[in-house]
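The values are calculated or read from the model by the stated rules, or taken from the named source; none is laboratory data. Model, not experiment: these values are computed from the prediction. Reconstructed Cβ throughout: ideal geometry from the backbone, glycine too, with neighbour counts over all protein chains shown.
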Amino acid sequence: MNKFIIKALSLIVLFIVVVMILIFAMPKDNNSYFSEYRCKIHLLESVAQPRVIIIGGSGVAFGTDSKRIKDSLNINVVNFGLHAGLGIRYPLEDCLEYIKKGDIVAIQMEYENYFSGGNGGPEAFLPFMISTGWRKTHNLNIYQWENIFLGIKDVCKANLTRLAYFLITKSFDKKPSGMTFEYAKSGFNEYGDEVSHLKYPSKHIEIPQKAGGKSINESFIMWLSQVIDKYEHAGAKVYMMPPPCSMSQFKASYDKNISKALDKIHHPFIVEPASNAFDDSCSFDTGYHMNKVGVCLNTNNIIKALRNKM
C-alpha cells in the first residue's frame, strides 16, 4: 500500500512539474495576440494630449478606425481594446494610472460584462498573464484567479503544440501564413487597431436569440460607478458608448436593464444602443468583430458622439 501511495505521489509531483515547465519555463510568443497589450500600455504612456482613449474588448480592437477619429476631431487616439475574455475590470483598473487631466475616455465594453461581473473568462486570462509577464497579479480578484487556474489545460496543450512547431521552425514566435486570418500581434497598427482582418472575406455570423432574461450584476454596476469616479477625479471625461455589434448579437446580448442601470449611476449611453447595432453582414468572424463596413459605421458613430461632447 505504501509503495502505491509513493508511486501515486510521484506521478502527481511529476505532473505538476511538467505543468509548471509548460507554463513558466516556455519562452514567450512575442507575436501572440495578447502581447499587443504591452504596446497599448506604451501608447498610454507616450501618446500626447489632447487624446481620446477607447476602452473595451476585441470589439474595440476590431471595430475602430483611430486615424479617422484623429483626423476628424483633431485629437490623438489610443485604442485600448484587446479581448472580451479579459473582462472590463482588468483593463479599466490598469488604464487608470495613466489617465491625465483632460483625457476623454470612451468605454465600449461588450454587453456580457453587465451580467457576468466583468471578470472575463478562462480562455484568455492565463495566456494574457503569461504574455504580459504576470502584470499586476496583486490586483487580481478571486474570479480572475479562478480563470487562470481553469485555463491551465488549454495553455499546456497550446505550449506542447508550440514545442512541436519549434522543432520545425526553430522559433517559438507565431508566424502567420498570410493565407487566412490569424490572431497575432502583427495584425495591429500604431494606434492599437486590429487591421489585418480587413483584407480577409467576412463570415456571415448569426447569433442565436437569448433564451430568457438575464439579471444585471449589481455589484459590477457599483464597481463601475466607483471606477468612473476615479477616472473623473483624475481629470478625465468619461462617456459610455454601446459596443459595435451585429444586429443578431445585439438582440441576443442587449437588455434594456443595462441602460437603466447606467442611468442610475448618472452615466447613460451617449447614443442609443440600437444605433451601434449593424446588419449581420457588417460582422467579420463574431458578432462583436466588425468588417470594413462595420468599422466605418462604428467609427462614424464615435466621431459624431464625441464631437457633440467636445
Worksheet item: Can you tell which of N79, N119 is touching a helix residue (DSSP H, G or I) at 6+ places or on another chain (Cβ under 9 Å) and in contact (Cβ under 8 Å) with a residue 40 or more places away in the chain?
Response: N79
Discussion item. Could you list, ordered by first residue, the pairs with Cβ atoms under 8 Å in which the first is in segment 42-67 and within 24 Å of G121 (Cβ to Cβ) and among the aromatic types (F, W, Y) and the second is in a helix (DSSP H, G or I) and at pLDDT 95 or above, at least 6 apart or interchain?
Written reply: F62/H197; F62/V295
Worksheet, complete the sentence: Across segment 199-223, the tally of residues that are of a type in the set (A, V, I, L, M, F, W, C), surrounded by 18 or more Cβ atoms within 10 Å (Cβ to Cβ) and within 21 Å of G63 (Cβ to Cβ) stands at 1
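Anything in segment 180-192 that is surrounded by 13 or more Cβ atoms within 10 Å (Cβ to Cβ), in contact with a Phe, Trp or Tyr (Cβ under 8 Å, 6 or more places away or on another chain) and assigned to a loop (DSSP other than H, G, I, E, B)? List them, or say none.
Across segment 180-192, the qualifying residues are F181, Y183, A184, G192.
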Worksheet, complete the sentence: Note: among S225, S196, just one is more than 28 Å from P273 (Cβ to Cβ), among the small types (G, A, S) and modelled with pLDDT of 95 or more, namely S196
Fill in: Given (1) among the charged types (D, E, K, R); (2) in contact (Cβ under 8 Å) with a residue 24 or more places away in the chain; (3) within 24 Å of Y98 (Cβ to Cβ), number of the condition D229 does not satisfy
(2)
Worksheet item: Got at least one residue in segment 120-136 being surrounded by 20 or more Cβ atoms within 10 Å (Cβ to Cβ), more than 13 Å from the chain's Cα centre (by Cα) and at pLDDT 95 or above?
Response: no
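Residue-by-condition table, conditions (1) aromatic (F, W, Y); (2) more than 20 Å from the chain's Cα centre (by Cα); (3) farther than 26 Å from E182 by Cα:
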residue	(1), (2), (3)
M222	no, yes, yes
Y231	yes, no, yes
A234	no, yes, yes
P244	no, no, no
F269	yes, no, yes
S275	no, yes, yes
D280	no, yes, no
Worksheet entry | S177 modelled with pLDDT under 90, surrounded by 14 or more Cβ atoms within 10 Å (Cβ to Cβ) and either more than 20 Å from the chain's Cα centre (by Cα) or within 27 Å of D71 (Cα to Cα) (or both) | no
Discussion item. It is to be established whether one or more residues within segment 213-234 are touching a Ser or Thr at 6+ places or on another chain (Cβ under 8 Å) and closer than 14 Å to Y288 by Cα.
Written reply: no
Item to complete: List every residue pair whose Cβ atoms lie under 6 Å apart, where the two residues are 6 or more positions apart in sequence or sit on different chains, the first residue falls within segment 249-264 and is more than 20 Å from P208 (Cβ to Cβ), and the second residue, located anywhere, is modelled with pLDDT of 95 or more and part of a helix (DSSP H, G or I).
Response: A261/I221
Worksheet item: If we scan segment 37-47, do we find a residue that is assigned to a helix (DSSP H, G or I), modelled with pLDDT under 95, of a type outside the set (D, E) and surrounded by 10 or more Cβ atoms within 10 Å (Cβ to Cβ)?
Response: no
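For segment 48-76, what are the residues that are aliphatic (A, V, I, L, M) and surrounded by fewer than 18 Cβ atoms within 10 Å (Cβ to Cβ)?
Matches in segment 48-76: A48, L73, I75.
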Worksheet item: Out of all the residues in segment 21-33, is one or more modelled with pLDDT of 70 or more, crowded, with 18+ Cβ neighbours inside 10 Å and within 30 Å of I228 (Cα to Cα)?
Response: yes
